[in-house]
1. I'd like the residue in the stretch 183-231 that is under 18 Å from ASP117 (Cα atoms) and of a type in the set (S, T, N, Q) and, out of all such residues, is surrounded by the most Cβ atoms within 10 Å (Cβ to Cβ).
2. Could you run through the stretch 69-127 and say how many residues are near the ligand (Cβ under 9 Å from one of its atoms) and among the hydroxyl-bearing types (Ser, Thr, Tyr)?
3. Restricting attention to the stretch 52-60, does a residue exist that is more than 20 Å from ALA297 (Cβ to Cβ) and touching a helix residue (DSSP H, G or I) at 6+ places or on another chain (Cβ under 7 Å)?
4. GLY22 - would you say it is surrounded by fewer than 19 Cβ atoms within 10 Å (Cβ to Cβ) and either of a type in the set (Phe, Trp, Tyr) or at pLDDT 95 or above (or both)?
5. Between a residue in the stretch 51-62 that is assigned by TED's automatic domain parsing to the domain that holds TYR212 and any residue that is more than 16 Å from the ligand (Cβ to nearest atom) and among the polar types (S, T, N, Q), which pairs come within a Cβ distance under 8 Å, given they are 6 or more apart or on different chains?
6. Kindly provide the set of residues from the stretch 142-182 that are surrounded by fewer than 24 Cβ atoms within 10 Å (Cβ to Cβ) and within 16 Å of the ligand (Cβ to nearest atom), ordered by number.
7. Scan the stretch 178-197 for residues that are more than 11 Å from the chain's Cα centre (by Cα) and closer than 14 Å to PRO273 by Cα and jot them down.
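The values are calculated or read from the model by the stated rules, or taken from the named source; none is laboratory data. This one's a predicted model, so the numbers in the text were calculated from it and none came from an experiment. Methodologically, a virtual Cβ is constructed for each residue, glycine included, from the backbone with ideal geometry; neighbour enumeration extends over all protein chains shown. When the accessible area is computed, the model is the full protein with side chains, heavy atoms only, and any ligands, DNA or RNA have been set aside. Shrake-Rupley method; radii C 1.70, N 1.55, O 1.52, S 1.80 Å.
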Amino acid sequence: MEVTEGGVTVEVEGARDGASEGRADEVFYNPEMELNRDVTVAVLRAYAERESRAETYLDAMAASGVRAARAAAEGYDATAADVDDDAVALAGRNLAPYGGEALQRDANALLHEGFFDVVDVDPYGSPMPFADAAVAGTRNLLCVTATDTAPLCGAHFDSGVRRYDTVPRNTEYHPEMGLRVLIGALVRRAASRDKAAVPICSHVSRHYARTYLELEANATDATATLEELGFVHHCEDCLERDHEFGRLPDVPEDCPHCGSNRVLTAGPIWLGPVADAGFTERVADEVTDDMGEAARARSMLQTVAAELDTPTHYDQHRLCKQWTRPAVGMDEFVAALREAGFAASHAHYSGTAFKSDATVAEMREATAELG
Ligand SMILES: C[S@@+](CC[C@H](N)C(=O)[O-])C[C@H]1O[C@@H](n2cnc3c(N)ncnc32)[C@H](O)[C@@H]1O
């Protein structure tokens, strides 16, 4: 069957009501990822203005080639690579009207052979088996999706430790934990090759984390990115959390806020900004109405651009349950925090999540009159 995304028409297999990865003989196409691809196109448009030398684009795991075809339609010199021969044949047909080529290659081999300006790594599950090659073979912008959300956020602790070489913790701020575990691991992998990787746009959903890392081949800058890594200490009783930058954690024995001994430490994870606000606003401006998920993409990107950099978020419903008081509207809650003098913002991955520099005790007091 044919599908049209953002003005690009491609042939796909079995995309009736969800991902086609359920059938082993079908080339993967996931209509649920259209938002992810719409954002990719908007990022590619904004990035072409930021870095005029960026011309070549590789989807290193292309499947149907839809993402590469959309990049080609934007004027990028696009390559769709995949190990699967059916995928390569389909991607070749899909790319033909827009230019670009399809290659049957293993991503790790291809990326160790030469450079592409922009590289997309969009595997099943974790991108880490491809991270080293991706860092080696990317000149400017590395776009990465991870769908293994359980290991990333510490719900599958051992596989999270193995894959991401860190200690992920299963907290109520899953999306933030997962994204920061992913970015932290990629930044360290880039630094091992004397490359600085800086996230310029990122977003998370229940099913995946996605980040866009700008790479710079400079050992001093690479060391500087490592300064943005550190640890989060989380109290399971009073829900307070603290973070510290650095290479070794100063793990508190008891919670400094309530004295509980149920304190979890996560890290090293990325504690710096997950997006460049100005760039992300430009990405939001590049979303066009011919995109199937235009409204969601714009609204999500605007929220990302305005989001605080704090490495954890809170869920208002979870806090209100703890405080035995009814939850209120998020705008009202965030406004009350700001009126009390704290920084506060919405979070893009959940309607009940917010970010603030206030402690839990300060939030409780600042919002006591609501509801
Ligand atoms: C999630 S799909 C890619 C979806 C595609 N990027 C899109 O936007 O629709 C993952 C693809 O990775 C391919 N793949 C798995 N291992 C690979 C490898 N080592 N090198 C290249 N492709 C690989 C699979 O054949 C599959 O088509």
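1. The selected residue is THR211.
2. Final tally of qualifying residues: 1.
3. The initial filter retains those residues of the stretch 52-60 that are more than 20 Å from ALA297 (Cβ to Cβ), namely 52-56, 58, 60.
Filter once more, so that each one left must be touching a helix residue (DSSP H, G or I) at 6+ places or on another chain (Cβ under 7 Å): 54, 60.
Yes, the stretch 52-60 contains a residue that is more than 20 Å from ALA297 (Cβ to Cβ) and touching a helix residue (DSSP H, G or I) at 6+ places or on another chain (Cβ under 7 Å).
4. no
5. Pairs found: GLU51/ASN140; ARG53/ASN140; ALA54/ASN140.
6. THR145, THR147, ASP148, THR149, ARG163
7. GLY184, VAL187, ALA197
Rundown of residues vs (1) in contact (Cβ under 8 Å) with a residue 24 or more places away in the chain; (2) surrounded by fewer than 19 Cβ atoms within 10 Å (Cβ to Cβ); (3) not in a helix (DSSP H, G or I), yes/no style:
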{"residue": "ALA48", "(1), (2), (3)": "yes, yes, no"}
{"residue": "ALA78", "(1), (2), (3)": "no, no, yes"}
{"residue": "ALA91", "(1), (2), (3)": "yes, no, no"}
{"residue": "ASN94", "(1), (2), (3)": "yes, no, no"}
{"residue": "HIS112", "(1), (2), (3)": "yes, yes, no"}
{"residue": "VAL119", "(1), (2), (3)": "yes, no, yes"}
{"residue": "GLY125", "(1), (2), (3)": "no, yes, yes"}
{"residue": "ALA136", "(1), (2), (3)": "yes, yes, no"}
